[in-house]
Structures are given as C-alpha cells and as structure tokens.
Amino acid sequence: MVVIEQQSFRGTVLMYGIIMLELPTLLLISLLYFNGKLGDGGWIAFATVGTLIPLTFILMMSLVLETRIDPYSFSYRNFPFQTNWKKIRKEDISSISIQKKDGFPDYGGIGLRFYGKTKAYIYFADHVIEIESGAKKLVLTTKKPKEFEAVIDLWRAEKLVN
C-alpha cells in the first residue's frame, strides 16, 4: 500500500488574503507614480513594489508539500525549496504518530518552521504526522490521516516502529 498526498496554499484563505493586501498596494503605487507624486526617485519604488508583489504571489502559489508513505519508508519534499525527496527508512524511525491538532497554535503558524531539533511543515489541515528519528523530530500536516495510519499500522504489525 502506498499513500501519496499533495498540499498547497492554492484556493485557501491565505491566497485571497494576499490578493486583497497586494492588489491595493500595487494600484496605489501605480497611481502615485503615474501622477508624479513619488518624486524623482519614484521609479525605484514603483519598480521594487511592481516586482516584489507578483514574485511573492507566484512563490506562494508554487509552494507544494508532497508526502509519501510505502511499506519501506516515509518520503517528503517541499517544492520549490526542496526539489529532491527526503526519505526516512522505517528502520530509522523511532516513533511515528498521527494526531488531530491544528498546526497554527502548536507550531507557530503556517509554512516551514524550525524549533531546535524539530522541523515542521504546516499547511491547512486538521491532522499532523509526527516522526521522531534519532534526536530529530519532523512534523507534517496531512489531510489523509486514515490512509497514513493504515500503513503505519502495517509497520507496527512488523514491530519495527513504536
């Protein structure tokens, strides 16, 4: 049994919030620039804002968390920052669990978070997968907790993972 999941920010309230914040800013800076209210160096502000706002939106649209679990390992990647799959063999996992908890209050919001030896990939989902491997802890959100739990139960039946 193999479970594959993709999560992104597309279509979420975050993307609509970014549009609602960035579009008026872009319109305002454009109006000020074309009316001559930004002064002699106004083209710098216009170019900076006109470049950064679309690039920020494109970056947020391209963020994708992919997780994969099979009978042998757990893999994940966070495109575009992490293009190669990070694989954790089931023999290297000391404990794995799926819990119903929101990533916002527990891990400080959405996105990639680092806390000491804990790395968290938090997207909009109601469940998290917590993996401990040696001294490191990995936390990933999931919208398919039952499917992941089924594979973890198979691992537990083999008595390799707690």
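The table for this structure:
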quantity	calculated
Filter result for S75 (in contact with an Asp or Glu (Cβ under 9 Å, 6 or more places away or on another chain) and farther than 18 Å from Q7 by Cβ)	no
Qualifying residue in segment 34-41 (condition: within 25 Å of the chain's Cα centre (by Cα) and surrounded by 13 or more Cβ atoms within 10 Å (Cβ to Cβ))	no
Which numbered condition V49 fails, given (1) more than 21 Å from the chain's Cα centre (by Cα); (2) among the aliphatic types (A, V, I, L, M); (3) surrounded by fewer than 15 Cβ atoms within 10 Å (Cβ to Cβ)	(3)
Candidate set from segment 53-71 (those that are in a strand (DSSP E or B) and out of contact with any Ser or Thr (no Cβ under 6 Å at 6 or more places or on another chain)); member that is surrounded by the most Cβ atoms within 10 Å (Cβ to Cβ)	I69
Pairs where the first residue, in segment 136-148, is under 13 Å from G103 (Cβ atoms) and the second is modelled with pLDDT under 90 and acidic (D, E), C-beta under 7 Å, 6+ apart	none
Among (1) surrounded by fewer than 20 Cβ atoms within 10 Å (Cβ to Cβ); (2) over 18 Å from L63 (Cβ atoms); (3) not hydroxyl-bearing (S, T, Y), the one test that K143 misses	(2)
Residue within segment 72-83 that is touching a Ser or Thr at 6+ places or on another chain (Cβ under 6 Å), assigned by TED's automatic domain parsing to the domain that holds L140 and at pLDDT 85 or above present	yes
Residue selected from segment 4-28 under the condition part of a loop (DSSP other than H, G, I, E, B) and surrounded by 11 or more Cβ atoms within 10 Å (Cβ to Cβ), by the criterion modelled with the lowest pLDDT	T12
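The values are calculated or read from the model by the stated rules, or taken from the named source; none is laboratory data. Values in this document were obtained by computation on a predicted structure and should not be read as measured data. Glycine also receives a Cβ, built like all others from the backbone with ideal geometry; neighbour counts cover every protein chain displayed.
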